[in-house]
Every structure is written in C-alpha cells, then in structure tokens.
Amino acid sequence: MPTLDWIGKDKVINHHQDVPYRVLERQYSYDSDGQHSEDNGSENMIIHGDNLEALKSLLPRYEGQVKCIYIDPPYNTGNEGWVYNDNVSDPKIRKWLGEVVGKEGEDLSRHDKWLCMMYPRLKLLQKLLRDDGVIFISIDDNELFNLKMICDEIFGTSCFVAKITWQNNYSLRNDAKGIPYETDNILVYSKNLLWNPQRLSRTAEMDARYVNYDNDTTAYKVTPIHAPGAENHKGMVYAIQHPITGELMYPPKGRHWKDGQDKLLSALREWAPYNLTVINDIDKRSEICGSSVPDNIPAIMLSVPLNEAQKIAKKRYNTPPWPNYFFLAKGLGSIQTKTYLDSSKGKVVSTLWKYDEVGTNVEATNEIKPLLQDTLQFDTPKPCRLIERILQIATFPDDIILDSFAGSGTTAHAVLNMNKADGGNRKFILVELGDYADTITAERVKRVIQGYGSGKNKTEGTGGNFSYYELGEPLFIGDILNESVGTDKIREYIWYTETRQSHEPVSDGHLYFLGNYNRTAYYFYYEPDRICSLDYAFLATISARADNYIIYADRCALSSEELLRFGITFKKIPRDIARL
C-alpha cells in the first residue's frame with residue numbers, strides 16, 4: 001500500500017505512546033439545578049486541555065467504547081492561527097514549537113506540521129473506537145488528500161467508507177474569482193470492515209411514490225414483473241394468457257419474468273383457473289431472447305373457456321383489494337405486482353449532503369448568535385443539523401459520541417437535541433484546548449440544557465447534564481509514581497493496563513483488591529506514605545479464589561519457589577507498572 005512521507009513522520013508515528021498519562025480532574029458538574037461542586041455522576045464530559053493528552057487520559061475508561069467520533073480539525077488554510085505544540089523529542093520539530101502555522105508559500109513546512117499534529121491524535125482516536133464504531137472528519141481541499149493517505153495507513157484502506165460532499169453554501173458571491181467553493185468534505189472511516197449506516201427517516205417525496213388504487217391495507221408501488229437478462233434466463237421467457245382479453249403476454253424484448261413459474265401460476269389462479277401448457281411459440285420466445293430457445297417451455301394458459309374466465313376475473317377485479325399480482329387499465333392492461341411501503345426502510349444515505357437537508361455555515365453562525373452573545377464568534381462553525389445527520393446514521397440512543405476538536409460545542413448541542421427528540425441517552429465527550437472551553441464551549445451547553453432566548457425567540461431547554469474537567473497531574477514523574485495523584489486514579493490505571501477493561505469499583509472487603517479477570521485476581525498493595533511488602537501476613541488477608549494472582553507491591557518477601565507454588569506474579573511498584 002502506498003504511504004505518505006513527510007518531515008518528522010518517523011518521530012510521530014509512535015508519539016502517542018510517549019505522551020504522559022494525566023488524570024482528569026473534575027472541576028464542577030452541571031444539570032437542571034445549575035452548576036455545583038458535587039459530582040452528579042454525569043457520563044457527559046467537557047475536558048479543557050490538549051486533546052492529545054486528553055485522549056490518552058480517556059483510554060482506561062473508554063478504549064473500544066466510543067461508537068461515533070466527529071472531529072473538525074484545523075483545515076490548515078493559513079488563516080486559522082493554529083500553533084504546533086506537541087512535545088516531540090526531535091530538534092527539527094522543536095523548532096516549530098510556539099510558531100503560528102503560516103500560509104502556503106510563506107511556511108514551507110506547514111503541511112509537515114499539520115500531519116505531525118494529526119497522526120498521533122488519529123492513532124488514539126482509532127483506539128477509542130468500538131469495533132462497530134465510525135469516525136467522521138471534516139476537512140477542505142487543503143489537506144484532504146494528505147488526510148486520506150494517513151487515515152488509510154491508520155485505519156486501513158479497507159475501512160474507508162466514503163468521502164461525503166457537504167453543500168455548505170447556498171449562494172455564491174458575484175465577485176468570486178476562479179472556481180468558488182460551495183462544498184466541504186467529510187471523510188468517513190470505520191473501525192472494522194462492513195460498517196453500514198442506518199437509513200434516514202423517510203421523506204414525503206418518497207412516500208408520494210406509493211399509491212393505493214384498491215383500498216389495500218398498505219400503500220404500494222406498482223412494479224413490473226420482468227427483469228433484464230433474457231438470454232441467460234430462457235426458461236423464464238414464456239406466454240401468460242390474459243384472463244379478460246385472452247391475449248398472450250410476453251416480457252419485453254431482452255427481458256424475462258423475474259418470478260419463478262410456479263409462483264406466477266399460483267398468483268394468476270387468484271384471477272381465474274390456469275394450467276401449464278406447451279404452445280407453438282418458439283419463434284416469439286427466440287425473438288425475445290435473441291437466440292434459440294428450448295421448445296418445451298410451457299405457457300401459463302387459461303384452463304377454462306375465455307368467457308368463463310372473464311366472468312371470474314371481472315368479479316375478482318370488482319372485489320378489492322386485489323391480489324398482489326394484478327392488471328392495470330381497469331383489469332385490461334399488463335400484469336404488475338405490488339411492492340408494499342415498509343416504513344422501516346428509510347432513505348439510503350448518499351455521499352451528497354445538500355444544504356437544505358443538513359444546513360450551511362451561515363445557518364451555523366446564526367445558530368450560535370443567540371447562544372453566545374457578546375463572546376468570541378467562530379469563523380466556520382458547523383450547523384447542528386449536520387452533526388444530527390451523523391448521529392442519525394451512526395448511533396443508537398445509548399451510544400457514546402466523542403469530539404476532540406470541540407470548538408463552540410456543536411456536537412454536544414446536537415447530542416442533546418437528539419436525546420430530547422427520541423428520548424435517548426447518548427453520551428458526549430468534548431475536548432477543547434482553547435481558553436474558551438469553559439466560557440464558550442461549556443457555556444453553550446449550559447444554555448442548551450436550560451433554554452435560551454426570550455419571547456417569540458425563546459428556545460426550550462433540552463435537559464441533560466455534564467461535568468467539566470481539567471487535565472490533572474501526570475501519573476509518573478520520570479520513572480517515579482506521582483504520589484500526589486489519588487489512589488483511586490492509580491488503581492483505575494493499573495486495572496486498565498492489565499486487562500484493557502474499564503475499572504468498576506469492587507467491594508469484597510479487601511482494601512487492595514482490584515478485581516477478577518480471566519480467572520486471575522489482581523491486587524494493588526500500595527500506600528503513599530509507607531513501604532508495602534508482599535509477605536505471608538499479606539497473603540493471609542487474601543480471600544478471593546482464582547487460578548492465578550497478580551500482586552503489585554513495593555517489595556516482595558517471598559521466594560521465587562513460594563510465588564510459583566501460590567500461583568503469584570509479583571510486580572514491583574513503580575518499576576513494573578506499564579506505560580501507556
């Protein structure tokens with residue numbers, strides 16, 4: 001598979017492993033009672049901090065748990081003022097730190113910087129996705145093809161789903177130069193093969209194609225009963241005698257009856273008595289197929305005189321609803337079938353998303369004006385309807401949605417709208433580096449929850465809740481365990497590195513017991529202010545029964561033979577604690 005190379009690639013492809021693991025520190029919670037310091041247990045999160053470090057901090061709880069990711073990273077147009085600040089140990093890259101990325105022609109390393117920024121973040125996002133998860137990435141043409149190449153490398157070319165074209169503008173300026181843009185791109189990748197989007201809700205236009213001529217219980221489309229490929233289906237080319245006119249009906253030239261003859265015979269017997277009869281029509285069938293045909297293919301012919309068949313068929317026509325196979329033109333026309341409306345089969349998702357269906361950039365700007373009055377305005381916000389379309393096709397009511405370039409918080413707004421509309425319990429995780437994470441991103445979500453505006457412009461609140469977090473201290477300072485980090489956070493990290501499972505508190509009465517996983521019992525024997533030794537006194541406290549035991553402690557007083565006899569693997573703190 002072709003791969004993309006750039007300055008610094010060899011230093012960033014595994015940089016996500018070097019990023020320090022920081023704990024998440026809840027600052028406050030918010031719900032219908034407003035903002036308060038007490039933890040409300042909300043599964044919705046808004047995190048202020050570098051998204052690379054934040055994504056690393058989410059791993060113990062959320063690796064393989066996120067159903068849908070939407071990100072809107074810098075497009076690298078040269079007008080965004082973004083700065084490369086990842087702490088990569090390389091002299092070339094260190095020269096980039098703190099510098100605003102410039103425009104094309106002014107900054108010759110601008111694409112290298114952007115790729116170095118995106119690659120490790122995409123690696124962590126891929127880890128966070130569920131096996132049936134999917135990621136949507138907004139991007140314009142500045143980095144579209146570079147992004148496609150690195151996504152092929154990280155997610156795999158076989159997991160590329162589509163490039164969606166979003167019509168983000170409905171009018172062009174008369175003074176536009178060259179060929180102006182009226183579309184944007186959204187790249188879609190799945191975690192694994194064969195991901196399929198859910199269908200969209202049916203539209204009135206779709207339902208208008210269905211009719212109900214005979215007062216049937218369900219509307220239907222009138223569908224011909226023939227299909228192309230007569231030459232390869234010669235046994236399905238034959239005559240059907242009309243029950244009222246008596247004429248012989250054949251499929252059009254080059255086509256064949258698409259249903260089996262037994263099925264058609266049974267269907268026609270609802271109109272009149274029929275039998276299979278060989279007739280002398282080999283020339284007609286040869287003409288339809290375009291080559292010679294077998295001479296023993298029977299026709300479906302009336303088994304009673306025509307005048308008798310006419311009476312039976314007319315009576316059936318005047319006794320609606322008609323059978324599934326029926327005749328047009330007041331019973332005198334060609335044979336058709338009913339394809340019934342199935343309301344569960346919605347609209348198929350295409351790669352063209354039109355502005356009237358999912359909104360425009362102008363709509364997005366107007367959307368946040370009443371929410372964020374007198375605050376920083378965003379140049380290219382995304383409309384809620386765009387994110388809601390993504391949620392409609394990619395999530396179910398209990399799924400987790402992640403946006404690690406949160407901006408003004410549109411993704412949370414869309415999630416809350418969807419939950420209110422269908423009673424769902426989708427959870428959002430937002431990450432925003434900017435200083436406005438609390439004053440704009442979280443503030444918008446607060447107003448959406450409570451409602452905003454006044455009078456005729458009043459928008460009712462969606463309800464909901466969230467907790468706001470800052471990135472806390474790193475778990476390690478060099479090779480030393482950071483003892484100022486809470487023990488609960490360390491236990492959660494140890495459990496995750498051992499099992500790759502999120503940690504659920506256990507209560508078997510043992511202070512240092514982490515849990516059982518795959519017939520192994522885990523213990524983390526740790527106290528910040530004293531040395532903890534694995535010895536016979538500690539073993540006497542263990543009541544859990546397991547095939548094997550993994551015990552973390554500062555020291556071990558047991559011999560190798562004793563550890564083997566008891567089925568214990570000793571891990572020294574902090575030496576044997578794995579680094580993510």
Filtered residues of region 138-151 (kept if open to solvent by less than 20 Å² (accessible area, probe 1.4 Å) and farther than 16 Å from G359 by Cα): I139, E143, L144, L147, I150, C151
Any hit, region 28-37, residues being open to solvent by 50 Å² or more (accessible area, probe 1.4 Å), in contact (Cβ under 8 Å) with a residue 60 or more places away in the chain, out of contact with any Leu (no Cβ under 9 Å at 6 or more places or on another chain) and not polar (S, T, N, Q): no
Failed item, numbered, when R173 is tested on (1) in a loop (DSSP other than H, G, I, E, B); (2) modelled with pLDDT of 95 or more: (2)
Candidates I297, I312, filtered to the one that is open to solvent by 20 Å² or more (accessible area, probe 1.4 Å) and within 21 Å of A329 (Cα to Cα): I312
Check on L59, buried (at least 17 other Cβ atoms within 10 Å of the Cβ), touching a helix residue (DSSP H, G or I) at 6+ places or on another chain (Cβ under 7 Å), modelled with pLDDT of 95 or more and under 28 Å from I393 (Cβ atoms): no
Residue selected from region 452-491 under the condition of a type in the set (G, A, S) and in a loop (DSSP other than H, G, I, E, B), by the criterion nearest to the chain's Cα centre (by Cα): G464
Hits in region 317-351 - residues which are crowded, with 17+ Cβ neighbours inside 10 Å and basic (K, R): K338
Single match in T541, T497 (criterion: assigned to a loop (DSSP other than H, G, I, E, B), over 30 Å from S37 (Cβ atoms) and among the hydroxyl-bearing types (S, T, Y)): T541
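Quick check on E53: is it surrounded by fewer than 18 Cβ atoms within 10 Å (Cβ to Cβ) and among the charged types (D, E, K, R)?
no
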Residue count, region 495-526 (criterion: at positive phi, at pLDDT 90 or above and open to solvent by 50 Å² or more (accessible area, probe 1.4 Å)): 2
Output for region 158-192, where each listed residue is under 21 Å from the mean Cα position of the chain (by Cα) and either exposed (fewer than 13 other Cβ atoms within 10 Å of the Cβ) or without any contact (Cβ under 8 Å) to a residue 40 or more places away in the chain (or both): S158, C159, F160, V161
The listed residue being under 20 Å from V23 (Cα atoms) and either of a type in the set (A, V, I, L, M, F, W, C) or in contact with a helix residue (DSSP H, G or I) (Cβ under 8 Å, 6 or more places away or on another chain) (or both), out of I494, I449: I494
Residue ID - modelled with the highest pLDDT, chosen from residues in region 352-369 that are of a type in the set (S, T, Y) and open to solvent by less than 80 Å² (accessible area, probe 1.4 Å): T360
Test for Q17: is it outside any loop (DSSP other than H, G, I, E, B) and under 27 Å from E388 (Cβ atoms): no
Qualifying residue in region 122-137 (condition: closer than 22 Å to N79 by Cα and crowded, with 16+ Cβ neighbours inside 10 Å): yes
Filter result for N76 (open to solvent by 10 Å² or more (accessible area, probe 1.4 Å), farther than 20 Å from R491 by Cα and in contact (Cβ under 8 Å) with a residue 24 or more places away in the chain): no
Residues of region 544-562 satisfying the condition of being part of a loop (DSSP other than H, G, I, E, B) and surrounded by 18 or more Cβ atoms within 10 Å (Cβ to Cβ): L558
All helices (runs of 4 or more DSSP H) inside region 53-160 with 3 or more residues being within 30 Å of Q501 (Cβ to Cβ): 110-128, 144-155
Subset of region 228-258 (residues that are under 17 Å from A329 (Cβ atoms), open to solvent by less than 10 Å² (accessible area, probe 1.4 Å) and in a loop (DSSP other than H, G, I, E, B)): H242, P243
Odd one out for I312, checked against (1) in contact with a strand residue (DSSP E or B) (Cβ under 7 Å, 6 or more places away or on another chain); (2) β-branched (V, I, T); (3) modelled with pLDDT of 95 or more: (1)
In region 276-308, the residues that are in contact (Cβ under 8 Å) with a residue 40 or more places away in the chain and assigned to a loop (DSSP other than H, G, I, E, B): I279, D281, G290, S291, V293, P294, I297, P298
Within region 566-578, considering residues that are in contact with a Leu (Cβ under 9 Å, 6 or more places away or on another chain) and open to solvent by 30 Å² or more (accessible area, probe 1.4 Å), the one nearest to T487 (Cα to Cα): P574
Selection status of K458, within 19 Å of N417 (Cα to Cα), open to solvent by less than 30 Å² (accessible area, probe 1.4 Å), of a type in the set (D, E, K, R) and out of contact with any His (no Cβ under 9 Å at 6 or more places or on another chain): no
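Residues checked against (1) surrounded by 19 or more Cβ atoms within 10 Å (Cβ to Cβ); (2) without any contact (Cβ under 8 Å) to a residue 24 or more places away in the chain:
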| residue | (1), (2) |
| --- | --- |
| N419 | yes, no |
| D422 | no, no |
| A442 | yes, no |
| G472 | no, no |
| G478 | no, yes |
| S484 | no, yes |
| Y493 | yes, no |
Given (1) farther than 26 Å from K163 by Cα; (2) open to solvent by 20 Å² or more (accessible area, probe 1.4 Å); (3) of a type outside the set (A, V, I, L, M, F, W, C), index of the condition G434 fails: (2)
Selected residue (criterion: modelled with the lowest pLDDT) from residues of region 537-580 that are within 22 Å of F476 (Cα to Cα) and among the small types (G, A, S): A578
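The values are calculated or read from the model by the stated rules, or taken from the named source; none is laboratory data. Every value quoted in this text rests on a predicted model; they were computed, and no experiment measured them. Every residue, glycine among them, receives a Cβ derived from its backbone with ideal geometry; neighbour counts consider all protein chains shown. When the accessible area is computed, the model is the full protein with side chains, heavy atoms only, and any ligands, DNA or RNA have been set aside. Shrake-Rupley method; radii C 1.70, N 1.55, O 1.52, S 1.80 Å.
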